[in-house]
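Following: one structure in structure tokens, then a few remarks.
Laboratory data are not the source of any read-out in this text; all were calculated from the coordinates shown. Just so it is clear, the model here is predicted, and its values are computed rather than measured. Every residue, glycine among them, receives a Cβ derived from its backbone with ideal geometry; neighbour counts consider all protein chains shown.
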Amino acid sequence: MVYPIARLDWSLDPFNGLHRLHRDMNRLFAGFASPAERFPAINLWNSEDGMVLAAEIPGVDPKDVEVSVLGNVVSVSGERKTDSSVPADNYHRREREAGKFTRSIRLPYEVESDSVQARYEFGTLRVTLPRKEATKPRRIAISAE
Amino acid sequence: MTTQTAELQTKENERTRDLPVAVPATDIYETENGIALSVDLPGVRQEQVEVTLENRVLTISARSEAVDPAGYDAVHRDFEPVEYRRSFTLTEDVDRAAISARLKNGVLHLALPKAAESQPRRIEVKTEH
């Protein structure tokens, strides 16, 4: 199962409305939006120096998770594998979804892709995305007469 | 596959606390010598998980800790710190003393072996010549 790419809409993004339209169109064509569209669940924080992203991805081998950055788009993808030693007939209840997932997020600025750091701990992925120096706002000195 | 071991989930045990309560996604499957549970507990450290057994009710409770990075403002939140809580009623044949739990990559793995006397035994059929 491959989950579709979902974009976040949030106030910092000037193209917010456009994304929403895009997403709504996708939904229109894909039928009902499944909760899987929101996998993994993501939190984002912003500061002058960059952003921090946290994603809840329990039960994956860190080797099966990939974080990639292209310009201002950060993608988290990977695969949650089932325990192959357990035959499907042995399950009484199966609520934990397995399969491939991808989620991409457009950030309001480009990040230094070389200094992006990712750490997986307690089933949570935490990615530090430093803001590209050139995109940082400059303070313009105001001269008064 | 008619055994309903650990199937019944009781919601009455959910208590109101300062954190919202969430029911964690769980897999229940049979193993060679009993039943096993896998419970998704993302963001939970080992010391924040509690597994209790009272009579035949097995209760899992855990707290996730989503620490905000210092100096940053939250701009989007899909998840928040929660209290995970879920109870299961075990069948009589579970060997209560042999239950073991292991937390790995945000998933709690519980092994509930069946008591030796209730494990299937192979009866040898002898033929007379």
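Inside 10 Å of the C-beta atoms of A:85-93, what's the mean count of C-beta atoms belonging to other chains?
The mean count of partner-chain Cβ atoms within 10 Å per residue comes to 5.
For segment A:37-145, evaluate the Debye formula with one uniform point scatterer on each Cα (no solvent term) and list log10 I(q)/I(0) at q = 0.15, 0.19, 0.21 Å⁻¹, rounded to two decimals.
-0.69, -0.96, -1.10
For segment A:86-145, go through all pairs of different Cα atoms, get the mean of 1/r, take its inverse, and jot down that Kirkwood value in Å.
16.7
Given a Förster distance of 22 Å, report the FRET efficiency between A:Glu95 and B:Glu92 from their Cβ-Cβ distance, rounded to the nearest 0.05.
E(calc), rounded to 0.05, equals 0.30.
Each label point is 7 Å from the Cα along the Cα-to-Cβ direction; what then is the distance between the points at A:Asp64 and A:Ser47, in nm?
Going from the A:Asp64 label point to the A:Ser47 one covers 3.3 nm.
Can you give the average number of partner chain beta-carbon atoms within 10 Å of each beta-carbon in peptide B:104-110, as a whole number?
5
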